[in-house]
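What follows is a single structure, written as structure tokens, with notes after it.
Where a number appears in this text, it was derived from the coordinates with a stated rule and is not lab data. This one's a predicted model, so the numbers in the text were calculated from it and none came from an experiment. For neighbour counting, all protein chains shown are included, and Cβ atoms are generated from backbone atoms with ideal geometry for every residue, glycine included.
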Amino acid sequence: MDRTGFLPDGSLFDFWEKETAYDRQLHVDQRHSLASDENDGSRERPLRTIQEAARRAQPGTQVLIHGGVYREWVRPVQGGLDAAHMISYEAFGDGEVTVKASEEVTDFAQSRGWRLRRGPEAEDYGNDCRIWQYRLDPALFCGYNPFCCVNILHDRLFIEYDKTDMTPYLNRRGMVFCDGKPLRQVALYCQMAEQAGSYWVEANGMTVHFRLENDADPGEHQIEVTCREQCFAPEIPFLSYIRVKGITFAHAAGGAPVPQRGALSCLRGHHWVIEDCVIDWSNAVGIDVGNECWHHEIDENQVIGCSVIRGCTIRDAGVCGIAGLFAEHMLIEDNLIEGTGWQKMELSWEAGGIKLHNSVNGLIRRNVFRRTLRADHLWLDCGNENNRITHNLFLDGIEQREAIFIECTKEGVNLIDHNIIWNVEGRFDETKIPVEPGSSGWYKLKEHDVVNGYGIYGEGTDRLRIVGNLIGNCRSAGYFAKPVSFRMGGLQRGGTSRDARIVGNLFYGCKEAALKLPTKDNRAEGNLYVKQLGGYLRILYPEPEVCLYLSAWQEFYGFDRSSREGWFDIEMDTDALTLRFLPAAGRAPGFAEDIRRRNFLYHVEELPEIDARALAEIAAVDEAVLWGDEKAAGYAEGTVYEIDPRRKARQQ
């Protein structure tokens, strides 16, 4: 029995979906010789645009979209009635269906009259590169020109201006693509001389200048410019019970959140099912599923969330892959979310592979997060209760402060179990790391807070349960927590970062520590610490902090009495999604007698069997929720294990 559907309180997630018996079908096939929006929408007489089908769709309508590239903004005008009477927008299956917020353009001219140097004394590169220009046709835009709009939106209060480069916030939202790949926007015309594959926008937003790689002629390539904010989004809020399946949405030119306006948007609706879709190169947000903005009034009986995102691929979202404000009862499963964060806008505090606020009764399972840049893979922000994060891969965080961030949560339990967190690079200034020559660093009583890079970070979060995870190669710590005192007043958002239960995990090669606990008012048990050096078990307060090996941790704090240390290697291929255990090249460093006492495990076959019942009791989570009838399988040294958790990938 699959136990991943249970929430921390032991209840089963509310799987609300039902099969809809559609009583009407509308075909959309722009490539059909008879396609017209005047047709009846039959297979023989299909509609030309998806929007016309959206205008006609009623509860119980299945819109079947045939292969092709549809350059339109689809705006549903009605939702379904309930789970058995939805409106569905689906790919028919005769070729990829792509909805693009861009248009293909031609008629380029050589760019002239602009200097390719910053000042009169600088070298002019004018003879060494070819720059082109395109005057944007006003007919491309319907009330929204992204080349006139900067990325930053109306709520700017949270940006830390003194800590961040404001250039990406002030760049234009419009993007330029060459053969499906984006050019990089520069702030000054002359910077195109320094970088091929770039573009610059004139002040009035009506002319784009660009330089292709290898100074190629754009007439020999497909050039696309974005001209719509979103690909699929209602104009009327609160439309619900809508299914979107098997469609690619590309090139949305939205601005940075908030408000949260994705390439695919529920616009505050609930009970959407978004499955097997692809979101490609969204300027800001991939999918939004919540209340859009905290400035909206919330009706007393308003339902927010209750939606499903399943089997999707979200690639290269500029700021946030999935965004949901006050979204409850969310099911996010079997998705690939990679390349998020290339806009480098993390200090506006709305960036992440997934960013949910006030998530309650959510289930995030079997997803793969990969190569998130300067943002969290997953961020649950304030007031989160009874959420489960299970059987996910969180891989290769680039300049990433932490892989999972659980913020300011004082009520209920949240469970992070049976995930792999691997390679958290950290985001910090290397030049600010204190230089401590000789033995001066050995005797310090307070560790500096310059370096970060955490597997899991709990900020002002109580009762976090971290169970059965593999957490490795974190630049700072596998788990780090701290209280945020000022957030415990006012809106009473903050917790104390106490009563965390860290149980049955494997920590591997975390550079500063496996665990950094704010106080001793937490609990750790049944963990395995592999290739951890120095005082890798730490309690930071009261000062002076303690930095301990396992034996002192056990003796003086009573933590991890059944835990062990290991000395072997773990090799992870984050592209192929495989893992294997190997013997270490050498023995653990240290004095011979110390090494003997520490009783290392040198081979993965030596791992002790998990006492699921005992560990579940310590974690204060029902045993059936965590393990059910399954026990940990033994691992064999050198065997390559497939670790892709997604159901469809396993079935293939």
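Structural remarks
- Rounded FRET efficiency, nearest 0.05, which uses the C-beta distance separating SER551 from HIS603 and R0 of 22 Å: 0.55
- For the pair TYR641 and ALA585, a Förster radius of 22 Å applied to the C-beta separation gives a FRET efficiency near 0.55, rounded to the nearest 0.05.
- For the chain, a simple Cβ point-charge model (Lys and Arg +1, Asp and Glu -1, everything else neutral) yields a dipole of about 620 debye relative to the Cα centre.
- Estimated D of region 342-473 in µm² per second, where Rh is the Kirkwood radius over Cα pairs and Stokes-Einstein applies at 37 °C, 0.692 mPa s: 211 µm²/s
- Each Cα pair under 8 Å and six or more residues apart adds its sequence gap; the mean of these over the residue count of the chain is a relative contact order of 8 percent.
- The chain gives an Rg/Rh value of 1.00, both radii derived from C-alpha positions and Rh following Kirkwood.
- Here the Karplus relation 6.51 cos²θ - 1.76 cosθ + 1.60, evaluated at θ = phi - 60°, turns the backbone of region 325-332 into coupling constants of 9, 6, 7, 10, 6, 8, 10, 10 Hz, with x for every Gly and Pro.
- Hull-based mean projected area of region 211-345, where the convex hull spans the alpha carbons, in square nanometres: 9.3 nm²
- Simple label model, 7 Å out from Cα along Cβ direction - GLU96 to GLU399, nm: 2.9 nm
- Under 5 Å, built H, 5+ apart or other chain: amide partners of HIS377: GLY353
- Unsatisfied cross-links (Cα-Cα over 27 Å) in the set LYS446/LYS511; LYS245/LYS344; LYS163/LYS531: LYS245/LYS344; LYS163/LYS531
- Environment charge at ARG172 (Cβ cut-off 15 Å; Lys +1, Arg +1, Asp -1, Glu -1): +1
- The equivalent ellipsoid that matches the C-alpha gyration tensor of region 164-283 spans semi-axes of 32, 17, 11 angstrom, in descending order.
- The H on the amide N of CYS149, modeled in the peptide plane, is under 5 Å from the matching H of ARG173, GLY174, each at least 5 residues off or on a different chain.
- Under Karplus coefficients 6.51, -1.76 and 1.60, residue-wise ³J(HN,Hα) of region 523-530 in Hz, glycine/proline x: 8, 9, 7, x, 8, 10, 10, 10
- Region 289-365 - percent relative contact order, Cα under 8 Å, separation 6 or more: 34 percent
- ASN414 long-range amide H proximity, modeled H, under 5 Å: ASN386, ARG465
- When every Cα-Cα distance of region 313-361 is counted in 5 angstrom steps from zero, the calculated P(r) takes the values 6, 22, 28, 22, 17, 6, 0 percent.
- More than 18 angstrom apart: percent of Cα pairs within region 306-407: 37 percent
- When you count the other C-beta atoms within 10 angstrom of each residue and take the mean per peptide, 498-510, 105-117, 350-362 line up highest first as 350-362, 498-510, 105-117.
- More than 11 Å apart - percent of Cα-Cα pairs taken over region 240-283: 67 percent
- Förster radius 60 Å - calculated FRET efficiency between GLU411 and GLU213, Cβ distance, rounded to 0.05: 0.70
- Local net charge near CYS306, Cβ-Cβ under 9 Å (Lys/Arg +1, Asp/Glu -1): -2
- Computed over region 343-452: relative contact order in percent, which uses C-alpha pairs under 8 Å that are six or more apart: 23 percent
- Directionally averaged projected area (region 246-320, Cα convex hull): 4.7 nm².
- Percent of alpha-carbon pairs separated by more than 23 Å within region 1-87: 39 percent
- Kirkwood hydrodynamic radius over Cα pairs of region 546-652, then Stokes diffusion coefficient at 25 °C and 0.890 mPa s, in µm²/s: 146 µm²/s
- Put simply, the C-alpha atoms of region 464-535 give a gyration tensor, and the ellipsoid matching it has half-axes of 25, 13, 10 Å, longest first.
- Estimated 222 nm signal from helices in the chain, with DSSP H stretches of n ≥ 4 weighted -39500 (n - 2.57), rounded to 500: -1500 deg cm²/dmol
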